[in-house]
1. For Val448 and Ala396, what is the calculated FRET efficiency with R₀ set at 22 Å and r taken between the beta-carbons, to the nearest 0.05?
2. Report, in degrees rounded to the nearest 10, the 0 to 90 angle that the Cα long axis of helix 241-254 makes with the longest principal axis of the chain.
3. Hey, fewest Cβ within 10 Å first, where do Val124, Val524 land in order?
4. Given Lys424/Lys540; Lys32/Lys155; Lys408/Lys540; Lys495/Lys540; Lys195/Lys364, which pairs have Cα atoms separated by over 18 Å?
5. Sum up the charges of everything whose Cβ sits under 15 Å from the Cβ of Pro38, counting Lys and Arg as +1 and Asp and Glu as -1, but leave Pro38 out.
6. Do any chymotrypsin sites (Phe, Trp or Tyr not before Pro) in segment 56-99 lie in a loop, going by DSSP, with at most 16 other beta-carbon atoms within 10 Å of their beta carbon, and if so which?
7. Rounded if a/c is under 1.5, else prolate if a/b beats b/c, else oblate: with a ≥ b ≥ c from the C-alpha gyration tensor eigenvalues square-rooted, which is segment 504-622?
8. Would you list Lys408, Lys178, Lys424 from fewest to most Cβ contacts within 10 Å?
Amino acid sequence: MGDMTSIVISALNTRHTHSALGLAYIKSFWEKFPGRQPLHLAEFDLNQTNDSIIAELVALSPCILAFSVYIWSLPRTLAIAGALKAAFPEITIILGGPEVSFNSEEVLNRYVAVDLIVRGEGEVTFQELLTALLSGRSIREIAGVTFREAGQIIKNPDRGFISNLDDIPSPFRSGSYKTVHSFTYYEASRGCPSKCSYCLSSVLGPVRNHSIERVKADLDWFFASDYRQIRFTDRTFNFDLARARQIISYIKQNNHSNINFHFEIQADFLSEEIIDLLADAPDGMFHLEIGVQSTNPEALRLVNRRFNLTILRERITALKKRTRCYLHVDLLGALPGDTLHDFYRSLDDVWALEPHGIQISLVKVLRGTPLQQLVNGVIAAMPDPPYTVLRTSWLAPEEAMLIQDIGKLVEGTHNGGRFPATLKLIVCNCFAGSASRMYDAMANYWRVNHLQFYNFSPENLAHNLLEFLMANCQRPGLRAACRSLIEHELRLALKYPAGETVKGPDFAEKQKKQPWRVTQGIRVFWYEQDPLKLQTCPDKIEETVLHGVIPVAYRFDRDFSAVPSVEILQLEIEEAFMLGAIQQRSESSAIETAWAKNFPEKPLPDFATTLEKLQGAGLLYKV
Ligand code: SF4
């Protein structure tokens, strides 16, 4: 057995791309004192097997092993901790983090492999604890620690919150945080001014800010880094409007490589000044996450959540109209006081604001939150992580599951952003403008037909949306419009020109020796109804079915490694028609005949001039 001298701090992240910022703070604070043994930071993710994680930790021969535990990682962390204890009986195992801070005695009672628990903010407590353990001193006086001694569980008093966050060196600039991922979380403040009863932030102390100088120094470090996105963990970024203005201005002035910044905001707190400041920010620089949760005043009252709905609507509308920020709205299902009908009204309310993303999840009863007091009374939740609420006095379990499925559908359809006009068209024309009615019908359709709630590839989604529509709509004009729009939006979502369900006009004679060729990358597709008109006005459709077909020309980017970048060529109809004819190797005489058959109501264009224009624009060339 190797020398057991290393001190390892570890966490299981949800994904390989995520990092445990909390560990970086612990390391950064510990190592700021000179002469300290460096901590070894070992991060894993849920996709790794316990065996491989255990093997890696065993190879480190730790004498002290500390885990940061979250809602997603408790059971697996306990299994891994148990294995390490079996391998090294003399090891000290410490747990910390929100998932063990509020039930530390219970965890120590149930799991003998765990020796100590650090409750609440960990930086100061952990460094005091480690100093005592390494020097063999008593830990009796260390606030914020629960431990076992002579078979007894001892819970030392709570520790106060860290008042000056700048006491913790920046884990980025101190080198404690690795930079292998494309995004990172960033903490410019702790605590939240609001006290929503389901949220851990409501009990994690008052708002404390890092100084603006510290934030600017960290931002400078980010500007020079390879990160593509920085997600601020500040619970209400715009709580202090002057500070929010300073940070946004600083980012706008110095973010020359257009790194994306993500903020959680309370929209009704936004000032006109901040909206103005965001108005000329480049596309994609700011991503705003707006917690709405419910628009039912009674549900909001019951969870102690306060905002002015009218002002919230005005602010989101202003952000949408005047800025190019990406707007993401959160909704919670199964809140006390919310029936299924109330949830549907909330969904319709936020849908009307046209955010780019709507995230729907069922509320969870997190340990330490005031919502726990309602369990066994008016709400019932999973007893184990993730503690999702499954039933309330206002919502049956089947309804909760329906909301969960609708959340997955909204994520896969609307949030994917691939079929925006199609969805709008369906909502407006088949469900009387109500998105919730559409998603209710869609969830039932998905279930009855055993469709997957996770496979939303563009092809799969186009197919399923079309089938769903055909089952829900008998009007011929509307069916044709939907088919055309779905096919068109599918093409915009793909990197290659796919699918040819509608045939072009009959160009009869094919030329053996074609004098013209369409330029590479350009393709014409034919539609039953004009998808470009439908795309701009999906709420207005032609009920009449056209006799002919409509040509639309696209330019497909040939770089298959990139995200799709398909361009719609803005052509006159005779130009697109001519391109389509040449693509189908039509004889010139057949083009005129086909035009007359396809568009009997339109005069015959001067195709010689059309040809010249297309050649001049580089859309076709002479062979
Ligand atoms: S839900 Fe948001 S606003 Fe409410 S306490 Fe939590 S972080 Fe604060």
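Values in this text are rule-based calculations from the coordinates and carry no lab data. The structure displayed is predicted, hence computed values, not measured ones. FYI the Cβ positions are ideal-geometry reconstructions off the backbone, even for glycines, and counts take in every protein chain you see.
1. In this case the efficiency is close to 0.70.
2. 60
3. Going from sparsest to densest Cβ surroundings: Val124, Val524.
4. The pairs that break the limit, which is 18 Å between Cα atoms, are Lys32/Lys155; Lys408/Lys540; Lys495/Lys540.
5. +3
6. Trp72
7. It is oblate, given that a/c is not under 1.5 and a/b is not larger than b/c.
8. Lys178, Lys408, Lys424
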